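Trainee: Structure provided below as structure tokens; questions to follow.
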Amino acid sequence: MITVYSKPACMQCTMTQRALDRAGLTYEVIDLTQNPDALTWVTEDLGYSQAPIVVINDDDHWSGFQPDHIARITANA
């Protein structure tokens, strides 16, 4: 399961979700402004400071709009 950690009015978050939709990938969105535990996890444990944060698994995650990563996971789906 893909998880997208997002914020309201975030253009890169919107672009990431649209790209995942176009690729036909299923994902869950977690609003970082509404979930302080998730915000702590992505900033302190994963070390990211820019939304969106896309998590595929413990070893595969990234921050920002990354069409190359979306293409890679689509090819492996």
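We did not get these values from a lab; they are worked out from the coordinates using the rules stated. Remember, predicted model here, so these are calculated numbers, not experimental data. Neighbour counts run over all protein chains shown; Cβ positions are idealised from the backbone, glycine included.
Trainee: Once Rh for the chain is found with the Kirkwood sum over Cα pairs, what is the Stokes-Einstein diffusion coefficient at 25 °C and 0.890 mPa s, in µm²/s?
Mentor: 199
Trainee: Could you check the spin-label model distance between Asp45 and Asp60? Points 7 Å from the Cα along Cα→Cβ, value in nm.
Mentor: 1.9
Trainee: Please list, in order along the range 27-44, the HN-Hα scalar couplings obtained from phi with the Karplus expression 6.51 cos²θ - 1.76 cosθ + 1.60 (θ = phi - 60°), rounded to whole Hz, x for Gly and Pro.
Mentor: 8, 10, 10, 10, 7, 5, 7, 10, 9, x, 5, 5, 4, 4, 5, 6, 7, 8
Trainee: What FRET efficiency, computed as 1/(1 + (r/R0)^6) with R0 = 25 Å and r the Cβ-Cβ distance, is obtained for Met11 and Thr74, rounded to the nearest 0.05?
Mentor: 0.70
Trainee: Could I ask something else about it? Under 5 Å between amide H atoms, partner at least 5 residues away or on a different chain: which partners does His61 have, H built in plane at 1.01 Å?
Mentor: Counting only residues 5 or more places away or on other chains, the set is Ile56.
Trainee: Helix 11-22 versus the longest principal axis of the chain: what is the Cα-based angle in degrees, 0 to 90, to the nearest 10?
Mentor: That works out to roughly 40 degrees.
Trainee: Which cross-chain or sequence-distant (5 or more) residues have an amide H under 5 Å from the amide H of Asp31, H modelled 1.01 Å from N in plane?
Mentor: Ser6
Trainee: Here is a further query. If you take every residue apart from Ile53 with its C-beta less than 13 Å away from the C-beta of Ile53, what net charge results, scoring Lys and Arg +1 and Asp and Glu -1?
Mentor: -4
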